[in-house]
Each structure stands twice: as C-alpha cells, then as structure tokens.
Amino acid sequence: MKTMFALLLSALVLVLAGCNTVQGVGKDVRKVGEVVESAAKR
C-alpha cells in the first residue's frame, strides 16, 4: 500500500510540474482521481 501511494504521489508531482494552464491542471487532477479509483476497485 505504501508503494502504491509513493507511486501515485510521484506521478502527481510529475504531472503537476508539466502543467501550463489551469485547464491542464484540472485534467491532470481528474486523471489522478481515475487512477486512484481504479486502484481502489482492485
């Protein structure tokens, strides 16, 4: 579980670092939410 959290946190940092607009941030946050949701369904 800690490994999954660390991977998600790392992905979030990388994605947010690559955002240039508010719209881009919204898309990235939504994508992270989808990943977390799919991980929770397992």
_Folded to 0 to 90 degrees: helix 22-41 orientation relative to the chain principal axis, Cα_ = 10
_Angle in degrees between helix 2-17 and the longest Cα principal axis of the chain, rounded to the nearest 10_ = 10
*Reported label for calculated log10 I(q)/I(0) by the Debye sum over Cα atoms at q = 0.18, 0.22, 0.24 Å⁻¹ given [x] -0.60, -0.73, -0.79; [y] -0.39, -0.57, -0.67; [z] -0.51, -0.71, -0.80*: [z]
*asked:* Under the 0.36 nm per residue contour assumption, what length would be gained going from the current alpha-carbon distance of residue 5 and residue 34 to full extension?
replied: 9.0 nm
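Bear in mind these aren't lab numbers, they're just calculated from the coordinates by the rules spelled out. If you're wondering where the values come from, they're calculated on a predicted model, not measured in any experiment.
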